[in-house]
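Peer 1: Let me give you the structure first, and then I'll get to my questions.
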Amino acid sequence: MESPSLASRFFPKAAHTQWMRRPTASRCLCCGYKTLAMPEALELCQVCWWQDDGQDDRDADVVRRTVNGNLSLSEGRRNYKHYQAADPRFVAHVRTPRQEEL
């Protein structure tokens, strides 16, 4: 009988990793793409660089002066439409959305 290869001993088979797949993502409220693992968890959206602090449409015009600095969600959305980033300062950090994030 052959002994299992080194790779098969250390790397699980695909069937055993289903539980490790990323859950259905939440949409970023700034750019609208499904980039966040959990809403309101202060996660940074890699597509627009907005940090999800729980701000939503109810208070979109309010500048909270927290993790997103002097940006309101409304201003971040306008900036995303124009610069493809929540703030022009973040253009070098953002990426295009992946197919599964549309």
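Peer 1: Using the Cα centre of region 25-101 as the reference point, and only Cβ charges (+1 on K/R, -1 on D/E), how large is the resulting charge dipole? Debye, rounded to the nearest 20.
Peer 2: 280
Peer 1: Name the long-range amide H neighbours of LEU36: under 5 Å, sequence gap of 5 or more, or other chain; modelled H, no Pro or chain starts.
Peer 2: SER26, CYS28
Peer 1: If contacts are Cα pairs under 8 angstrom and at least 6 residues apart, what is the relative contact order of region 48-102 in percent?
Peer 2: On the way: 57 pairs, mean separation 18.1, N = 55.
The value is 33 percent.
Peer 1: For region 91-98, take each phi angle, set θ = phi - 60°, evaluate the Karplus expression 6.51 cos²θ - 1.76 cosθ + 1.60, and give the result in whole Hz per residue in order, putting x for glycine and proline.
Peer 2: Values, residue by residue: 3, 5, 9, 7, 9, 6, x, 7 Hz.
Peer 1: Also, quick follow-up: From the phi of every residue in region 48-64, what ³J(HN,Hα) in whole Hz does the Karplus formula 6.51 cos²θ - 1.76 cosθ + 1.60 yield, where θ is phi - 60° and glycine or proline is x?
Peer 2: 10, 6, 8, 9, 6, 9, x, 5, 9, 4, 4, 10, 4, 8, 7, 8, 7
Peer 1: Tell me which of SER74, TRP50, ALA92 sits at the most positive position along the dipole axis of region 25-101, charges placed on C-beta atoms (Lys, Arg +1; Asp, Glu -1).
Peer 2: Farthest towards the positive pole: ALA92.
Rule-based calculations on the coordinates, nothing more; no lab input. On a predicted model such as this, the values are computed, not experimentally measured, just so you know. Cβ sites come from the backbone with ideal geometry, for glycine too, and all protein chains shown count toward neighbours.
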